[in-house]
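**Q** Structure incoming, see below.
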Amino acid sequence: MSEPQNPDRPHNLPSSSSPNKLPSDTNGSFSGQKVRYPNPPDPTNPDPATLREQWRFAIRQYSRWYSHAWGTAILAGLSFFALGWFIKGSNPLPSLRRTDDPPPPSSSSSPSADEPQR
């Protein structure tokens, strides 16, 4: 089934690494180590034309994302308004009701004059 585990070796480390081994320089000091980045920065600043082109591209991308976000929000708002209208059967926002409309009948539990009290 499973292999017997060595109690001297930690369980969460891969087999190729050892807990006592630290990366170090050839002279043994930690200062001046070169760090390897997966996407290193440019060694020099790009020329102004390249920077201008990159800036324009970034502005275009941001504008596109911004307009898509607003379009999505407006579409969602209209969809929920239409869904509320469909469920309720009339305008779901009471503030948009016309003033000449009578108020909706209240469903109170008080007995009316026609019904005998028990």
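The values are calculated or read from the model by the stated rules, or taken from the named source; none is laboratory data. The structure presented is a predicted model; accordingly, all values stated were derived computationally and were not measured. In this analysis, Cβ positions are derived from the backbone assuming ideal geometry, glycine residues included, and neighbour counts consider all displayed protein chains.
**Q** Filter segment 36-57 down to the residues that are polar (S, T, N, Q) and in a helix (DSSP H, G or I) and list them by number.
**A** T50, Q54
**Q** While we're looking at this one, here's another question. State the number of residues belonging to segment 48-106 that are modelled with pLDDT of 90 or more, exposed (fewer than 10 other Cβ atoms within 10 Å of the Cβ) and of a type in the set (G, A, S).
**A** 1
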